[in-house]
Amino acid sequence: MTEDEILRKLYELQEKEDVMVLHAVESGSRAWGFASPDSDYDVRFIYIRKTSDYLRLEKTRDVIEWELNDVYDINGWDAQKMLRLLYKSNPTVFEWFHSPIVYMSEKSAVEKILPEIDSFFSCKAGIYHYLSTAKVNHRAYFKGEEVKLKKYFYVIRPLLACRWIIEKGTPPPMLFSELLNTVAEREIVPVIEELVRIKVETPEKAYGNRIPELDRYIEKNREYVKKYLDGMPDDRNYSWKKLNDIFMYLVNYRQGNLK
(Lines give C-alpha, C1' and ligand atoms only; values in the text may rest on other atoms or scores of the structure.)
Protein backbone atom coordinates (compact mmCIF):
# COMPACT_ATOMS: atom_id res chain seq x y z
CA MET A 1 0.00 0.00 0.00
CA THR A 2 2.97 2.35 0.46
CA GLU A 3 3.50 2.66 -3.30
CA ASP A 4 -0.18 3.54 -3.72
CA GLU A 5 0.24 6.24 -1.08
CA ILE A 6 3.29 7.64 -2.87
CA LEU A 7 1.36 7.76 -6.14
CA ARG A 8 -1.51 9.54 -4.37
CA LYS A 9 0.91 12.15 -3.05
CA LEU A 10 2.47 12.63 -6.51
CA TYR A 11 -0.95 13.11 -8.14
CA GLU A 12 -1.84 15.57 -5.40
CA LEU A 13 1.30 17.66 -5.91
CA GLN A 14 0.74 17.68 -9.68
CA GLU A 15 -2.69 19.18 -9.17
CA LYS A 16 -1.76 21.70 -6.46
CA GLU A 17 1.49 22.84 -8.11
CA ASP A 18 0.09 22.67 -11.66
CA VAL A 19 3.04 20.65 -12.95
CA MET A 20 3.53 17.40 -14.87
CA VAL A 21 5.71 14.84 -13.13
CA LEU A 22 7.92 13.38 -15.85
CA HIS A 23 9.76 10.85 -13.74
CA ALA A 24 9.51 9.90 -10.05
CA VAL A 25 11.83 7.35 -8.45
CA GLU A 26 13.28 6.02 -5.22
CA SER A 27 16.76 7.40 -4.57
CA GLY A 28 17.89 6.12 -1.16
CA SER A 29 18.68 2.81 0.50
CA ARG A 30 15.58 1.17 -0.98
CA ALA A 31 16.92 1.87 -4.47
CA TRP A 32 20.34 0.66 -3.37
CA GLY A 33 18.76 -2.66 -2.38
CA PHE A 34 19.30 -2.79 1.39
CA ALA A 35 16.65 -0.84 3.26
CA SER A 36 16.54 -1.14 7.05
CA PRO A 37 13.24 -2.09 8.74
CA ASP A 38 12.63 1.59 9.53
CA SER A 39 14.06 3.19 6.36
CA ASP A 40 12.06 6.10 4.98
CA TYR A 41 11.07 6.54 1.34
CA ASP A 42 13.36 8.95 -0.54
CA VAL A 43 11.15 9.94 -3.48
CA ARG A 44 12.71 12.20 -6.11
CA PHE A 45 11.03 13.56 -9.22
CA ILE A 46 11.54 15.71 -12.32
CA TYR A 47 8.65 17.95 -13.36
CA ILE A 48 7.77 20.37 -16.15
CA ARG A 49 5.61 23.50 -15.87
CA LYS A 50 3.34 25.21 -18.41
CA THR A 51 5.05 27.23 -21.15
CA SER A 52 3.75 30.49 -19.67
CA ASP A 53 5.52 29.79 -16.37
CA TYR A 54 8.87 29.91 -18.16
CA LEU A 55 8.03 33.21 -19.90
CA ARG A 56 7.38 35.31 -16.78
CA LEU A 57 9.79 38.01 -15.70
CA GLU A 58 9.62 36.93 -12.08
CA LYS A 59 11.61 33.82 -11.33
CA THR A 60 9.68 30.66 -10.50
CA ARG A 61 11.18 28.40 -7.86
CA ASP A 62 12.81 25.38 -9.52
CA VAL A 63 12.46 22.96 -6.59
CA ILE A 64 9.35 21.45 -5.00
CA GLU A 65 9.81 20.21 -1.44
CA TRP A 66 6.60 18.30 -0.92
CA GLU A 67 6.98 16.29 2.26
CA LEU A 68 9.61 15.48 4.87
CA ASN A 69 8.88 13.29 7.89
CA ASP A 70 9.90 9.93 9.39
CA VAL A 71 8.24 8.00 6.54
CA TYR A 72 8.51 10.13 3.40
CA ASP A 73 11.15 12.45 1.97
CA ILE A 74 9.59 13.76 -1.25
CA ASN A 75 11.11 16.53 -3.35
CA GLY A 76 11.83 17.26 -6.99
CA TRP A 77 13.51 19.46 -9.57
CA ASP A 78 12.13 21.47 -12.44
CA ALA A 79 13.27 20.00 -15.77
CA GLN A 80 15.07 23.27 -16.48
CA LYS A 81 17.14 22.89 -13.29
CA MET A 82 17.82 19.24 -14.13
CA LEU A 83 19.10 20.14 -17.60
CA ARG A 84 21.33 22.91 -16.27
CA LEU A 85 22.85 20.42 -13.83
CA LEU A 86 23.17 17.92 -16.67
CA TYR A 87 25.31 20.48 -18.52
CA LYS A 88 27.77 20.05 -15.63
CA SER A 89 27.32 16.25 -15.74
CA ASN A 90 25.88 16.20 -12.22
CA PRO A 91 25.80 12.48 -11.23
CA THR A 92 22.53 12.84 -9.32
CA VAL A 93 20.70 13.32 -12.63
CA PHE A 94 21.96 9.97 -13.92
CA GLU A 95 21.10 8.24 -10.63
CA TRP A 96 17.50 9.44 -10.78
CA PHE A 97 17.06 8.32 -14.37
CA HIS A 98 18.60 4.91 -13.68
CA SER A 99 16.87 4.09 -10.40
CA PRO A 100 15.50 0.52 -10.32
CA ILE A 101 12.37 1.71 -8.46
CA VAL A 102 10.15 3.94 -10.59
CA TYR A 103 6.93 5.27 -9.08
CA MET A 104 5.70 7.36 -12.00
CA SER A 105 7.04 8.03 -15.49
CA GLU A 106 6.02 9.61 -18.76
CA LYS A 107 7.67 6.71 -20.53
CA SER A 108 7.47 7.98 -24.11
CA ALA A 109 9.21 11.22 -23.09
CA VAL A 110 11.79 9.57 -20.83
CA GLU A 111 12.69 6.89 -23.38
CA LYS A 112 13.21 9.58 -26.02
CA ILE A 113 15.47 11.81 -23.94
CA LEU A 114 17.38 9.21 -21.91
CA PRO A 115 19.99 8.42 -24.61
CA GLU A 116 20.60 12.15 -24.98
CA ILE A 117 20.92 12.53 -21.21
CA ASP A 118 23.43 9.69 -20.98
CA SER A 119 25.59 11.33 -23.64
CA PHE A 120 26.37 14.06 -21.10
CA PHE A 121 27.92 11.67 -18.61
CA SER A 122 31.49 12.69 -17.81
CA CYS A 123 33.76 10.07 -16.27
CA LYS A 124 35.95 12.74 -14.68
CA ALA A 125 33.02 14.67 -13.20
CA GLY A 126 31.47 11.45 -11.94
CA ILE A 127 34.64 10.22 -10.25
CA TYR A 128 35.26 13.65 -8.72
CA HIS A 129 31.72 13.73 -7.30
CA TYR A 130 31.76 10.25 -5.81
CA LEU A 131 35.28 10.56 -4.42
CA SER A 132 34.34 13.87 -2.77
CA THR A 133 31.18 12.26 -1.35
CA ALA A 134 33.21 9.41 0.14
CA LYS A 135 35.74 11.84 1.62
CA VAL A 136 33.11 14.14 3.19
CA ASN A 137 31.11 11.25 4.64
CA HIS A 138 34.20 9.56 6.04
CA ARG A 139 35.29 12.74 7.75
CA ALA A 140 31.81 13.37 9.16
CA TYR A 141 30.87 9.91 10.43
CA PHE A 142 34.09 8.06 11.27
CA LYS A 143 35.44 9.88 14.32
CA GLY A 144 35.42 7.21 17.03
CA GLU A 145 35.69 3.49 17.65
CA GLU A 146 31.93 3.08 17.21
CA VAL A 147 29.99 4.23 14.15
CA LYS A 148 26.48 4.03 12.76
CA LEU A 149 26.90 0.90 10.68
CA LYS A 150 24.88 2.25 7.76
CA LYS A 151 27.43 5.05 7.36
CA TYR A 152 29.93 2.56 5.96
CA PHE A 153 27.75 2.42 2.86
CA TYR A 154 27.90 6.21 2.54
CA VAL A 155 31.63 5.77 1.91
CA ILE A 156 31.86 2.34 0.28
CA ARG A 157 29.12 2.90 -2.27
CA PRO A 158 30.63 6.07 -3.79
CA LEU A 159 34.06 4.40 -3.90
CA LEU A 160 32.57 1.43 -5.75
CA ALA A 161 30.86 3.90 -8.09
CA CYS A 162 34.31 5.37 -8.83
CA ARG A 163 35.65 1.92 -9.59
CA TRP A 164 32.68 1.27 -11.91
CA ILE A 165 33.32 4.48 -13.85
CA ILE A 166 37.03 3.69 -14.14
CA GLU A 167 36.35 0.18 -15.43
CA LYS A 168 33.13 0.68 -17.44
CA GLY A 169 33.10 4.34 -18.44
CA THR A 170 29.34 4.59 -17.85
CA PRO A 171 27.04 5.91 -15.10
CA PRO A 172 27.21 3.49 -12.15
CA PRO A 173 24.08 1.46 -11.30
CA MET A 174 21.99 2.28 -8.25
CA LEU A 175 21.78 -1.32 -7.04
CA PHE A 176 24.56 -1.86 -4.56
CA SER A 177 24.73 -5.59 -5.25
CA GLU A 178 25.51 -4.92 -8.91
CA LEU A 179 28.32 -2.55 -7.97
CA LEU A 180 29.68 -4.93 -5.34
CA ASN A 181 29.67 -8.07 -7.48
CA THR A 182 31.11 -6.32 -10.53
CA VAL A 183 33.95 -4.10 -9.35
CA ALA A 184 34.84 -4.95 -5.72
CA GLU A 185 37.88 -7.10 -5.01
CA ARG A 186 36.78 -10.68 -4.35
CA GLU A 187 38.27 -10.92 -0.85
CA ILE A 188 36.30 -7.94 0.48
CA VAL A 189 32.90 -9.03 -0.88
CA PRO A 190 31.98 -11.40 2.02
CA VAL A 191 32.82 -8.69 4.58
CA ILE A 192 30.57 -6.18 2.85
CA GLU A 193 27.81 -8.74 2.29
CA GLU A 194 27.78 -9.43 6.04
CA LEU A 195 27.42 -5.71 6.69
CA VAL A 196 24.49 -5.62 4.25
CA ARG A 197 22.83 -8.46 6.16
CA ILE A 198 23.22 -6.54 9.42
CA LYS A 199 21.92 -3.36 7.77
CA VAL A 200 18.64 -4.89 6.57
CA GLU A 201 17.97 -6.54 9.94
CA THR A 202 18.69 -3.62 12.27
CA PRO A 203 17.30 -0.10 12.73
CA GLU A 204 18.78 2.85 10.86
CA LYS A 205 20.48 4.21 13.99
CA ALA A 206 22.22 0.96 14.98
CA TYR A 207 25.82 1.43 16.13
CA GLY A 208 28.70 -1.03 16.02
CA ASN A 209 32.46 -1.25 16.32
CA ARG A 210 34.64 -0.13 13.45
CA ILE A 211 35.46 -2.90 10.96
CA PRO A 212 39.24 -2.94 10.31
CA GLU A 213 39.00 -4.75 6.97
CA LEU A 214 36.62 -2.10 5.65
CA ASP A 215 38.67 0.75 7.06
CA ARG A 216 41.72 -0.55 5.18
CA TYR A 217 39.66 -1.10 2.04
CA ILE A 218 38.35 2.46 2.17
CA GLU A 219 41.78 3.99 2.60
CA LYS A 220 43.30 1.87 -0.17
CA ASN A 221 40.58 2.74 -2.67
CA ARG A 222 40.52 6.42 -1.81
CA GLU A 223 44.20 6.63 -2.68
CA TYR A 224 43.79 4.56 -5.85
CA VAL A 225 40.89 6.66 -7.15
CA LYS A 226 42.59 9.95 -6.28
CA LYS A 227 45.70 9.02 -8.26
CA TYR A 228 43.57 7.93 -11.22
CA LEU A 229 41.56 11.16 -11.13
CA ASP A 230 44.64 13.36 -11.08
CA GLY A 231 45.66 12.18 -14.55
CA MET A 232 42.25 12.37 -16.26
CA PRO A 233 41.45 14.85 -19.05
CA ASP A 234 38.18 16.81 -19.11
CA ASP A 235 35.59 14.77 -21.04
CA ARG A 236 32.38 16.75 -20.60
CA ASN A 237 29.83 17.37 -23.37
CA TYR A 238 29.26 21.14 -23.41
CA SER A 239 26.29 21.25 -25.83
CA TRP A 240 23.70 23.81 -24.76
CA LYS A 241 21.96 23.26 -28.12
CA LYS A 242 21.19 19.63 -27.37
CA LEU A 243 19.92 20.53 -23.89
CA ASN A 244 17.80 23.37 -25.27
CA ASP A 245 16.29 20.90 -27.74
CA ILE A 246 15.45 18.51 -24.89
CA PHE A 247 13.87 21.34 -22.91
CA MET A 248 11.71 22.47 -25.84
CA TYR A 249 10.65 18.88 -26.43
CA LEU A 250 9.54 18.56 -22.79
CA VAL A 251 7.66 21.88 -22.87
CA ASN A 252 5.81 20.78 -26.00
CA TYR A 253 5.18 17.39 -24.46
CA ARG A 254 3.55 19.08 -21.45
CA GLN A 255 1.39 21.19 -23.75
CA GLY A 256 0.18 18.06 -25.50
CA ASN A 257 1.78 18.95 -28.81
CA LEU A 258 3.70 15.67 -28.96
CA LYS A 259 2.66 12.03 -28.72
Search the range 49-75 for residues that are farther than 18 Å from residue 11 by Cα and pair each with any residue that is of a type in the set (Ser, Thr, Tyr) and at pLDDT below 90 when their beta-carbon atoms are under 6 Å apart and the residues are at least 6 apart or on different chains.
-> 53/60
Restrict the check to the range 222-235 and report whether at least one residue is small (Gly, Ala, Ser), within 23 Å of the chain's Cα centre (by Cα) and surrounded by fewer than 16 Cβ atoms within 10 Å (Cβ to Cβ).
-> no
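Can you list the helices (runs of 4 or more DSSP H) lying wholly within the range 162-250 that have 3 or more residues being among the aromatic types (Phe, Trp, Tyr)?
Where helices (runs of 4 or more DSSP H) fall fully within the range 162-250 and carry at least 3 residues being among the aromatic types (Phe, Trp, Tyr), they are 212-230.
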If you check residue 110 against the conditions, is it at pLDDT 95 or above, in contact with a helix residue (DSSP H, G or I) (Cβ under 9 Å, 6 or more places away or on another chain) and of a type in the set (Val, Ile, Thr)?
-> no
Look at the range 60-99 and say how many of its residues are within 17 Å of residue 7 (Cβ to Cβ) and either part of a loop (DSSP other than H, G, I, E, B) or small (Gly, Ala, Ser) (or both).
-> 3
Among the residues of the range 108-140, which ones are small (Gly, Ala, Ser) and buried (at least 16 other Cβ atoms within 10 Å of the Cβ)?
-> 109, 122, 125, 126, 134
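So in the range 26-59, with the set limited to residues that are β-branched (Val, Ile, Thr) and farther than 22 Å from residue 199 by Cα, which one is surrounded by the most Cβ atoms within 10 Å (Cβ to Cβ)?
The residue in question is 46.
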Picking from 8, 30, which residue would you name as being at negative phi, basic (Lys, Arg) and free of Cβ contacts under 8 Å to residues at least 40 places away in the same chain?
-> 8
Determine if the range 204-211 includes at least one residue that is of a type in the set (Lys, Arg) and in contact (Cβ under 8 Å) with a residue 60 or more places away in the chain.
-> yes
Set 176, 247: member being in contact with a Phe, Trp or Tyr (Cβ under 7 Å, 6 or more places away or on another chain), touching a residue at least 40 places away in the same chain (Cβ under 8 Å), under 30 Å from residue 79 (Cα atoms) and of a type in the set (Phe, Trp, Tyr) | 176
Filtering the range 131-151 for residues that are out of contact with any strand residue (DSSP E or B) (no Cβ under 9 Å at 6 or more places or on another chain) and either assigned to a helix (DSSP H, G or I) or within 14 Å of residue 215 (Cβ to Cβ) (or both) leaves a count of 14
Which one of the conditions (1) closer than 20 Å to residue 155 by Cα; (2) at pLDDT 95 or above does residue 209 fail to meet, given that it meets all the rest?
-> (2)
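The values are calculated or read from the model by the stated rules, or taken from the named source; none is laboratory data. Because the structure is a prediction, the values reported are computed rather than measured. Every residue, glycine among them, receives a Cβ derived from its backbone with ideal geometry; neighbour counts consider all protein chains shown.
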